[in-house]
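I have placed the structure first, in the form of structure tokens, so that the comments after it can refer back to it.
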Amino acid sequence: MAVQISPSLLSADFADLGGAARSVPSADWLHVDVMDNHFVPNLTIGLPVVEALARAAAQPLDCHLMIDDPDQWAPAYVEAGASSVTFHVEAARAPVRLARELRTAHARAGMALRPTTAIEPYAELLPELDMLLVMTVEPGFGGQQFLDLCLPKIRRARALIADSGAELWLQVDGGVSAETIERCADAGADVFVAGSAVFGADDPEAAIADLRQLATSACAH
Ligand code: DX5
Ligand code: ZN
């Protein structure tokens with residue numbers, strides 16, 4: 001699959017999210033980090049802002065829910081206009097039921113793993129998903145340092161996806177930059193979230209083009 005870039009609005013100007021969306025027309029997705037101050041020690045945006053973004057943005061929304069009780073809340077993000085909804089498996093009570101519910105609502109179903117959560121216990125549920133997110137920092141904040149210790153898990157996840165025969169995207173999120181994206185692509189990732197590397201750049205569009213090119217050539221090897 002072609003490389004996809006999903007800039008994280010967490011590093012954008014929260015007072016001008018519409019402008020941030022318009023500043024990255026080449027983005028395949030807009031990554032929206034929903035945090036509840038319980039699952040992670042930070043509080044960001046919720047349903048009303050996602051609804052407003054869905055009206056204002058041309059790109060589809062990739063909602064990353066860092067919240068407790070996603071079983072209760074995740075489907076509402078589809079109703080709010082998200083095209084892809086990713087829940088954390090550490091927080092979900094019934095991940096298979098939840099993934100099915102998201103798909104039934106015509107969204108892509110994503111499941112996220114914290115850096116220290118293993119993929120192996122979840123190998124059987126991969127066919128229930130459209131995307132697996134391997135976090136490459138502890139979730140909660142932008143601008144953290146990429147954790148190289150996650151690379152072997154990306155590789156193992158890619159192998160399990162291949163074994164499953166399912167058509168899953170493999171997303172990485174956290175510390176993804178021009179310095180680290182090739183390592184992720186080489187390990188098997190194909191969807192790249194980047195917050196500070198895009199919205200912290202002088203020219204966000206040029207940063208996306210650069211990331212895309214680096215990942216594409218690393219995938220080709
Ligand atoms: C962190 C969020 C990320 C964050 C990434 O918990 O899930 O999406 O915005 O930011 P950078 O790319 O700056 O590490
Ligand atoms: Zn995220």
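What follows draws every value from the coordinates through simple rules; no lab data is involved. Quick caveat: nothing in here was measured; it's all calculated off a predicted structure. Here Cβ is always computed from backbone atoms with ideal geometry, including for glycine, and neighbour counts include all displayed protein chains.
Which fully enclosed helices (runs of 4 or more DSSP H) of segment 123-221 have 3 or more residues being over 27 Å from R103 (Cα atoms)?
Those helices (runs of 4 or more DSSP H) span 181-187, 196-199, 204-220.
For segment 83-97, what are the residues that are crowded, with 19+ Cβ neighbours inside 10 Å and farther than 21 Å from E51 by Cβ?
Of everything in segment 83-97, those that are crowded, with 19+ Cβ neighbours inside 10 Å and farther than 21 Å from E51 by Cβ turn out to be H88, V89, A91, A92, P95.
Kindly indicate which of V172, V176, V137 is without any contact (Cβ under 8 Å) to a residue 60 or more places away in the chain, β-branched (V, I, T), surrounded by fewer than 21 Cβ atoms within 10 Å (Cβ to Cβ) and within 29 Å of N37 (Cα to Cα).
V137
Determine whether segment 191-203 contains at least one residue that is more than 10 Å from ligand 1 (Cβ to nearest atom) and touching a Phe, Trp or Tyr at 6+ places or on another chain (Cβ under 6 Å).
Yes, the conditions are met somewhere in segment 191-203.
Being of a type in the set (A, V, I, L, M, F, W, C) and either more than 18 Å from A166 (Cα to Cα) or under 16 Å from the mean Cα position of the chain (by Cα) (or both): is that true of L113 here? Show your work before the answer.
On the way: of a type in the set (A, V, I, L, M, F, W, C): yes; either more than 18 Å from A166 (Cα to Cα) or under 16 Å from the mean Cα position of the chain (by Cα) (or both): yes.
Spelling it out, L113 is indeed of a type in the set (A, V, I, L, M, F, W, C) and either more than 18 Å from A166 (Cα to Cα) or under 16 Å from the mean Cα position of the chain (by Cα) (or both).
Quick one: which residue in E124, E128 is buried (at least 18 other Cβ atoms within 10 Å of the Cβ), acidic (D, E) and over 30 Å from L17 (Cβ atoms)?
E128
Among the residues of segment 33-56, are any closer than 20 Å to A209 by Cβ, within 12 Å of ligand 1 (Cβ to nearest atom), under 15 Å from the mean Cα position of the chain (by Cα) and crowded, with 21+ Cβ neighbours inside 10 Å?
Narrowing segment 33-56 to residues closer than 20 Å to A209 by Cβ: none.
Looking for residues that are closer than 20 Å to A209 by Cβ, within 12 Å of ligand 1 (Cβ to nearest atom), under 15 Å from the mean Cα position of the chain (by Cα) and crowded, with 21+ Cβ neighbours inside 10 Å, one finds none in segment 33-56, hence no.
So which of R108, R97 ends up being closer than 17 Å to D190 by Cα and in contact with a helix residue (DSSP H, G or I) (Cβ under 9 Å, 6 or more places away or on another chain)? Reasoning before the result, please.
Details: R97 fails: closer than 17 Å to D190 by Cα.
Of R108, R97, the one residue that is closer than 17 Å to D190 by Cα and in contact with a helix residue (DSSP H, G or I) (Cβ under 9 Å, 6 or more places away or on another chain) is R108.
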